[in-house]
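Everything below concerns the one structure shown next.
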Amino acid sequence: MAKAPTKPVLLTGASGALGRMLARELSALGWTLRLTDIAPFPEPLPPQASFVRADLNDGVALLRQAEGCGAILHFGGVSVEQPFEVVMGPNLRGLYHVYEAARRERARVIFASSNHAFGFQDRPRGNAATTDVEAAFRPDGYYGLSKAYGELMGRMYWDKHGVENVNLRTGSCVPAPLEARMLSTWLSYPDLVSLCVAAVTAPRAGHCAIWACSDNPARFWGRDHRARIGWQPRDNAEAYRAALEGKVSADAVIERYQGGAYTRIDYTREGFSPSDCFELE
Ligand code: 15L
């Protein structure tokens with residue numbers, strides 16, 4: 001593993017499942033962490049970590065938290081599909097606050113983007129990983145749309161202000177896959193940790209995007225910028241195949257698209273059979 005960063009690293013969303021896991025694992029690697037979340041940190045603080053409770057809507061709090069930091073791991077905000085009004089504050093305004101703090105500190109942003117920014121991309125047929133890094137955003141709801149906005153914000157802050165950013169297009173980051181779709185989308189905890197380490201410590205990142213799933217033979221996603229930061233996942237979901245491959249829904253929309261069940265939430269494009277509407281893409 002790379003040497004610990006010389007400057008502190010700010011982790012937003014620290015009280016969530018991924019935030020707590022990252023806080024524990026990165027601290028064990030000797031990193032100095034500033035942790036923040038709107039919710040209290042529910043565990044004893046890891047060594048060399050401090051925690052401040054803050055709302056992403058509070059730009060001044062973010063600026064204070066980021067002071068002296070070399071990187072911001074941005075895992076905060078709404079992490080599932082919600083109405084626009086719920087998503088807007090943390091995921092749109094909050095992201096602006098993160099980027100302004102990064103701009104002031106000349107810090108790199110590692111953004112927890114999501115596969116749901118591409119949720120209406122078709123699943124590939126067979127086992128071909130066909131969706132490349134340049135694929136069009138096809139958000140499957142307001143949450144996915146906020147992630148597309150976040151990636152585009154990274155594009156703009158790199159082009160205009162030279163703020164480096166690595167966009168992690170996260171699949172399903174859970175301890176073990178739970179359904180057939182996750183044979184494609186699963187990202188193991190150890191692979192997320194190594195991805196964050198690579199994203200923070202790579203000498204140069206510019207603006208780049210990584211399909212953040214483990215080395216799953218059934219993954220949907222192809223080429224990305226992982227070589228730039230030197231990341232290679234080690235785990236894969238195949239050991240779960242026998243238990244999970246029958247765990248599919250009976251819904252043609254859910255099974256057709258990469259975003260799975262998120263595509264069905266508030267879906268009102270009725271009156272088309274799936275094959276009709278797909279001809280008009
Ligand atoms: C995500 O982006 C969500 O944060 C997570 O809760 C899962 O739904 C995951 O995507 C997924 O697609 O499985």
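The values are calculated or read from the model by the stated rules, or taken from the named source; none is laboratory data. Note that the structure is a prediction, hence the values are computed from the model and not measured. All Cβ positions, even for glycine, are placed from backbone atoms using ideal geometry, and neighbour counts span all protein chains on display. Note: accessible area is taken over every heavy atom of the protein model, side chains too, but ligands, DNA and RNA are not part of it. Shrake-Rupley method; radii C 1.70, N 1.55, O 1.52, S 1.80 Å.
A few comments on the model shown:
- Note, ³J(HN,Hα) from phi for region 145-154, Karplus 6.51, -1.76, 1.60, rounded to Hz, x at Gly and Pro: 4, 5, 6, 5, 4, x, 5, 5, 5, x
- Each residue of region 1-64 gets 80 Å³ once the volume of the Cα convex hull is shared out per residue.
- For the chain, the per residue solvent-accessible surface stands at 45 Å², with DNA, RNA and ligands left out and a 1.4 Å probe.
- Projecting label points 7 angstrom from Cα along Cα→Cβ for T268 and V248 puts them 3.0 nm apart.
- Projecting the Cα atoms of Y96, P47, P190 onto the charge dipole of the chain, computed from C-beta unit charges around the Cα centre, puts P47 farthest toward the positive end.
- Taking amide H as placed 1.01 Å from N in the peptide plane, A212 has its amide H under 5 Å from the amide H of R169, T170, G171, each at least 5 places away in sequence or on another chain.
- Dmax and Rg, reported as Rg then Dmax, of the chain (C-alpha, Å): 18.5, 58
- Rolling a 1.4 Å probe over the protein heavy atoms of region 212-260, with every protein chain left in place, gives an accessible area that is 49 percent carbon and sulfur.
- Region 123-281: C-alpha gyration tensor shape, a/c 1.5 cut-off, then a/b vs b/c: oblate
- Among V9, T130, I265 - extreme Cα towards positive end, dipole of the chain, charges at beta-carbon: V9
- Listed peptides 263-270, 95-102, 13-20 by packing density, highest first (mean Cβ within 10 Å): 95-102, 13-20, 263-270
- Taking the Cα centre of region 149-281 as origin and assigning +1 to Lys and Arg Cβ atoms and -1 to Asp and Glu Cβ atoms, the resulting dipole is close to 520 debye.
- Under 29 Å from the Cα of K7 - lysines, other chains or at least 8 residues apart: K147, K160
- Dipole orientation for the chain: of the candidates A243, L62, V253, L62 has the Cα lying most toward the positive pole (charges on Cβ; Lys, Arg +1; Asp, Glu -1).
- Report note on the peptides 157-166, 188-197: ranked by the mean count of other C-beta atoms within 10 Å, highest first, their order is 188-197, 157-166.
- Mean projection area, nm², convex hull over Cα of region 7-146: 9.5 nm²
- Using Cβ point charges alone (K and R +1, D and E -1), the dipole size of region 113-209 about the Cα centre works out to roughly 60 debye.
- Beta bridges by DSSP in the chain, antiparallel share as percent, to the nearest 5: 5 percent
- Helix-only [θ]222 nm of the chain, DSSP H runs n ≥ 4, -39500 (n - 2.57) each, per residue, nearest 500: -9000 deg cm²/dmol
- Expressed as a whole percent, the accessible area of region 1-69 that falls on carbon and sulfur atoms is 56 (1.4 Å probe).
- Span from the region 1-77 Cα centroid across to the region 210-229 one, whole angstrom: 25 Å
- Rounded to the nearest 20 debye, the dipole size of region 10-139 about its Cα centre is 220 debye, using +1 on the Cβ of Lys and Arg and -1 on the Cβ of Asp and Glu.
- Ranked by how many other beta carbons lie within 10 Å on average, peptides 234-240, 35-41 from highest: 35-41, 234-240
- Phi angles of region 107-115 translate, via the Karplus equation with coefficients 6.51, -1.76, 1.60 and θ = phi - 60°, into HN-Hα couplings of 9, 8, 9, 10, 9, 6, 7, 8, 4 Hz per residue; Gly and Pro are given as x.
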